[in-house]
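Report on one structure; see the data block that follows.
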Amino acid sequence: MTSPPSELAAPKSGDVGTTGDLAVLDDPVEQRRFTRFSVGPGGTAIAESSLRISGMHCAACAGIIEHALSQVDGVIESSVSSAGERARVRWNPARTKAAQLVAAIRRAGYDAMPDAALEAREARKQEHRTALWRLFVAAFCAMQVMMMATPSYVTHGDELAPDLRQLLNWGSWLLTLPVLVFSSGPFFRGAWLSLRKGSIGMDVPVALGIAVTFVASSGATFNPQGIFGQEVYFDSLTMFVSFLLAGRWLEVRARHRVAQVLETALDGMPETAHRVRPDGTTELVSVQRLQAGDLVRVALGQAFPADGHLVDGETSADEALLTGESRPVPKAIGEAVVGGSMNMGAPVVVRLDRVGDDTRLQAIVAMMRDAMSQRPEAARAADRWAGPFLWIVLLLAAGAAAVWSVIDPSKAVWVGVSVLIVTCPCALSLAVPAALLAASSTLARRGVLLQRLDALEAWTRVQRVYLDKTGTLTDDKLHWIGMTRLAVSPSGPMDAELLRMAVALAAWSTHPISQALVASHESAQSALAWRQVKEVPGSGLEAVDEQGRTWRLGSASFVGAIDNTKLGASVWFGQVAADCMRFEFEENLRDDAVQAVAGLRERGMEVILLSGDRTERAEAVARRLPVSRVIGGATPESKLSEIESAQAQGLRVAMVGDGINDAPVLARADVSFAMGQGALVARAQSDAIVVSSRLSDLNAMHDLASRTMTVVRQNLAWAAFYNLTCIPLALIGWLPPWAAGLGMASSSVLVILNAMRLAR
């Protein structure tokens with residue numbers, strides 16, 4: 001990750017979109033909250049910004065915003081999720097500015113802001129308040145209009161005097177105006193934006209139905225002898241708008257519940273920290289000013305400001321927000337603490353290892369943003385069908401009105417309106433994303449973060465699961481047994497010197513055995529100046545010391561030793577074919593490993609242990625697990641070959657791992673899971689990250705994924721059944737506009753409520 005380019009430091013006056021409230025978006029400090037920078041092809045800087053979109057009402061809005069962003073010079077790629085109300089934009093900072101992105105979205109008729117907790121919370125409150133007011137006005141006026149329309153329904157013949165009927169119609173017209181002007185505003189605005197962009201969105205038939213109904217009813221009110229006849233439909237119009245707004249209000253609430261998962265995570269980070277000065281005193285500073293290596297004092301009940309390890313004091317940390325673990329986790333000196341977790345035991349001093357965007361919490365938030373910005377394949381398929389379907393709707397409505405103008409002209413208008421209303425495919429477009437986002441928020445609260453929403457469906461189809469051993473099936477905290485010197489030369493280093501060098505080199509690795517070596521010999525740590533350090537996937541670390549000698553830390557074959565032992569876990573250190581030392585550890589299964597593997601098999605999956613460790617060691621672990629087969633001594637290439645071979649047989653496979661050597665396999669598998677403490681490259685290649693590090697969550701995710709797919713099928717089936725049933729009723733004149741509005745709103749509400757069951 002690189003720093004923001006210097007071009008962003010000072011916005012130039014006169015640039016489009018850099019005036020007023022947008023100018024601050026081009027400030028580098030502000031951009032850190034919602035923009036990540038990387039290096040693209042040719043060394044050019046690439047920015048990726050996360051924006052929160054407001055004003056979206058249907059799936060077609062996403063396409064409109066993406067089109068608007070594509071017209072901005074310098075935008076490389078954009079992805080907008082209508083269900084998650086998020087936009088992810090990759091852009092070239094040398095050619096455009098963040099403010100211009102937001103300005104383009106505003107010109108398209110929507111609004112955008114940095115995806116940060118405070119701004120998003122206020123925007124959600126405003127959106128919720130406005131939606132509730134629109135619903136209240138529509139429902140209140142609908143009740144009054146219905147009261148005025150009641151005499152026309154209950155009287156017969158000349159029981160209701162014509163002048164009184166006319167007076168009631170005028171009163172209904174007057175009460176319908178607030179519904180038309182205020183409550184129906186989002187439908188007309190959405191329809192206008194769609195037509196202006198040359199597309200047909202779901203608001204088009206709704207707005208057309210409202211307009212036609214109001215015009216026809218107004219004509220009947222002020223000129224009963226005219227072409228529109230004497231029948232008015234103000235009661236149907238206001239009820240329809242009320243039902244539809246009720247459905248959208250529930251949809252807004254459902255989207256906000258998903259967004260609160262992000263907000264809760266961000267709220268866990270403190271804004272200030274007590275940094276320890278060299279003389280031992282403390283100073284209160286912003287967390288934005290913290291740097292790796294700083295010492296900070298964290299009081300009881302406060303959140304840790306960044307990732308680090310304890311250097312003074314022992315405590316316990318509440319990591320429920322990050323891992324789903326409800327019980328506080330004990331923390332001793334030297335153990336890692338995670339930014340955003342709560343200090344529950346005693347005041348401590350922490351040395352920071354990672355700050356800002358490098359912290360585990362910020363990585364989690366970034367992955368959640370990415371997942372919420374995605375359009376799953378099933379949702380994209382539904383959107384593709386929605387466009388042509390809307391054209392069919394317009395043709396059906398026009399055809400129905402034309403036919404009924406011949407059969408019974410008095411019914412032509414409201415039959416056409418009913419067809420327009422009842423066939424609006426809102427439920428179809430909401431069916432998939434509503435269910436997937438509800439499920440992803442549930443998994444996030446449990447401690448499983450989805451990086452690809454399509455993984456939910458893929459996980460339900462998996463037939464074979466490959467499990468890595470070290471750090472996945474076994475606990476990442478290995479226990480030190482001892483060390484053995486296997487080759488001694490008169491001029492070689494002493495045992496203590498070799499141990500010191502090995503610990504210094506192990507500190508460069510995130511492998512569980514390397515971390516265990518460092519943790520078990522803190523007193524032997526030293527600032528040894530290793531040069532040209534590189535990690536060979538599946539083998540170990542290689543580095544050059546100050547004398548120019550090459551040393552290796554890793555497997556026996558990598559170091560050049562012959563290992564005939566049956567040890568549970570060990571790591572070797574030395575020069576190739578020279579002095580070497582073996583460090584020995586005990587390897588323990590995770591507490592829930594046996595239960596998790598048994599659960600996977602009960603769900604119809606074949607479980608195979610695929611490990612780069614020696615075969616006999618892998619088999620020793622497998623004897624305690626109900627796995628189907630063991631593959632030991634696997635290199636990254638052989639692991640990849642095994643996965644590809646299974647896929648060539650037509651099997652859908654999943655991979656669960658945590659190390660750098662697992663990254664190619666994680667990328668190749670149909671579904672992949674990385675353990676939360678695993679290597680960054682492994683997490684980057686996975687479809688989901690088990691932040692909780694509980695293997696049993698794989699079973700919980702499978703159960704939830706199965707329920708999610710059931711809900712998706714139920715939603716799609718309901719949307720299809722609703723349209724197939726109601727369209728014929730509307731065409732033959734048995735479905736008045738108010739009933740059509742109730743049916744369409746009810747179908748959308750049912751889809752949302754059905755999906756919200758997954759968020760429990």
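Name the pairs: first residue in segment 583-612 and in contact (Cβ under 8 Å) with a residue 24 or more places away in the chain, second residue among the acidic types (Asp, Glu), Cβ to Cβ under 6 Å, at least 6 apart or on different chains?
588/475; 590/475
Select, from 150, 176, the only residue that is over 34 Å from the mean Cα position of the chain (by Cα), in contact (Cβ under 8 Å) with a residue 60 or more places away in the chain and either assigned to a helix (DSSP H, G or I) or more than 18 Å from residue 241 (Cα to Cα) (or both).
Only one candidate qualifies: 176.
Restricting attention to segment 67-114, report how many residues are under 20 Å from residue 28 (Cα atoms), part of a helix (DSSP H, G or I) and of a type in the set (A, V, I, L, M, F, W, C).
5
Which count do you get for residues in segment 580-599 that are over 30 Å from residue 549 (Cβ atoms) and either crowded, with 20+ Cβ neighbours inside 10 Å or modelled with pLDDT of 80 or more (or both)?
Of the residues in that region, 12 qualify.
Would you confirm whether or not segment 675-693 contains a residue that is under 30 Å from residue 213 (Cβ atoms), modelled with pLDDT under 80 and either surrounded by fewer than 22 Cβ atoms within 10 Å (Cβ to Cβ) or not charged (D, E, K, R) (or both)?
No: segment 675-693 contains no residue that is under 30 Å from residue 213 (Cβ atoms), modelled with pLDDT under 80 and either surrounded by fewer than 22 Cβ atoms within 10 Å (Cβ to Cβ) or not charged (D, E, K, R) (or both).
Within the group 627, 621, which residue is among the β-branched types (Val, Ile, Thr), farther than 19 Å from residue 540 by Cβ and in a loop (DSSP other than H, G, I, E, B)?
Among 627, 621, only 627 is among the β-branched types (Val, Ile, Thr), farther than 19 Å from residue 540 by Cβ and in a loop (DSSP other than H, G, I, E, B).
Mind counting the residues in segment 85-100 that are out of contact with any Asp or Glu (no Cβ under 7 Å at 6 or more places or on another chain) and either over 15 Å from residue 50 (Cα atoms) or in contact (Cβ under 8 Å) with a residue 60 or more places away in the chain (or both)?
3
Could you grab the pairs with beta carbons closer than 6 Å, sequence gap of 6+ or different chains, first residue in segment 197-208 and of a type in the set (Gly, Ala, Ser), second one modelled with pLDDT of 75 or more and surrounded by fewer than 20 Cβ atoms within 10 Å (Cβ to Cβ)?
Qualifying pairs under 6 Å: 207/188.
Just one of the numbered conditions (1) crowded, with 18+ Cβ neighbours inside 10 Å; (2) more than 28 Å from residue 751 (Cβ to Cβ); (3) modelled with pLDDT under 80; (4) of a type in the set (Gly, Ala, Ser) is not true of residue 669; which one?
(3)
Pick from segment 587-618 the residues that are within 29 Å of the chain's Cα centre (by Cα) and in a loop (DSSP other than H, G, I, E, B): which of them is nearest to residue 657 (Cα to Cα)?
Of everything passing the filter in segment 587-618, 590 is nearest to residue 657 (Cα to Cα).
Could you grab me the full set of residues in segment 185-227 that are surrounded by fewer than 20 Cβ atoms within 10 Å (Cβ to Cβ), modelled with pLDDT of 75 or more and among the small types (Gly, Ala, Ser)?
185, 211, 218, 219
I need the full set of residues from segment 529-555 which are modelled with pLDDT under 80 and crowded, with 19+ Cβ neighbours inside 10 Å, in order please.
Those that are modelled with pLDDT under 80 and crowded, with 19+ Cβ neighbours inside 10 Å: 535, 538.
Of all residues in segment 282-306 being modelled with pLDDT of 85 or more and charged (D, E, K, R), which is surrounded by the most Cβ atoms within 10 Å (Cβ to Cβ)?
294
Matching residues to (1) hydrophobic (A, V, I, L, M, F, W, C); (2) under 30 Å from residue 45 (Cβ atoms):
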| site | (1), (2) |
| --- | --- |
| 87 | yes, yes |
| 93 | no, yes |
| 98 | yes, yes |
| 106 | no, yes |
| 113 | yes, yes |
| 146 | yes, no |
| 149 | yes, no |
| 170 | yes, no |
| 177 | yes, no |
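Could you tell me how many of the residues in segment 341-362 are closer than 26 Å to residue 36 by Cα, buried (at least 21 other Cβ atoms within 10 Å of the Cβ) and at pLDDT 75 or above?
3
Please work out which one of (1) at pLDDT 75 or above; (2) surrounded by 24 or more Cβ atoms within 10 Å (Cβ to Cβ); (3) more than 30 Å from residue 502 (Cα to Cα); (4) not basic (Lys, Arg) is the condition residue 473 fails and give its number.
(3)
Would you mention how many residues in segment 600-611 are more than 17 Å from residue 665 (Cα to Cα) and either modelled with pLDDT under 90 or touching a Ser or Thr at 6+ places or on another chain (Cβ under 7 Å) (or both)?
1
Given (1) more than 14 Å from residue 57 (Cα to Cα); (2) assigned to a helix (DSSP H, G or I), where does residue 191 come up short, assuming only one miss?
Only one criterion is unmet by residue 191, namely (1).
Could you identify the single residue in 502, 487, 507 that is surrounded by fewer than 20 Cβ atoms within 10 Å (Cβ to Cβ), among the hydrophobic types (A, V, I, L, M, F, W, C) and at pLDDT 80 or above?
Of 502, 487, 507, the one residue that is surrounded by fewer than 20 Cβ atoms within 10 Å (Cβ to Cβ), among the hydrophobic types (A, V, I, L, M, F, W, C) and at pLDDT 80 or above is 507.
How many residues does segment 84-99 hold that are within 24 Å of the chain's Cα centre (by Cα) and of a type in the set (D, E, K, R)?
Number of matching residues: 4.
Could you please let me know if residue 523 is under 45 Å from the mean Cα position of the chain (by Cα) and either modelled with pLDDT of 80 or more or under 21 Å from residue 336 (Cβ atoms) (or both)?
Here the answer is yes, as residue 523 does meet what is asked.
Filter segment 399-418 down to the residues that are modelled with pLDDT of 75 or more and within 16 Å of residue 206 (Cβ to Cβ) and list them by number.
Correct list: 416 only.
Checking the condition in contact with a Leu (Cβ under 8 Å, 6 or more places away or on another chain), on the phi < 0 side of the Ramachandran plot, of a type in the set (A, V, I, L, M) and at pLDDT 90 or above, which residue from 705, 646, 634 passes?
705
The values are calculated or read from the model by the stated rules, or taken from the named source; none is laboratory data. Note that the structure is predicted; figures quoted are calculated from it, not measured. Quick reminder, even Gly has a Cβ in these numbers, built from the backbone with ideal geometry, and neighbours come from all protein chains shown.
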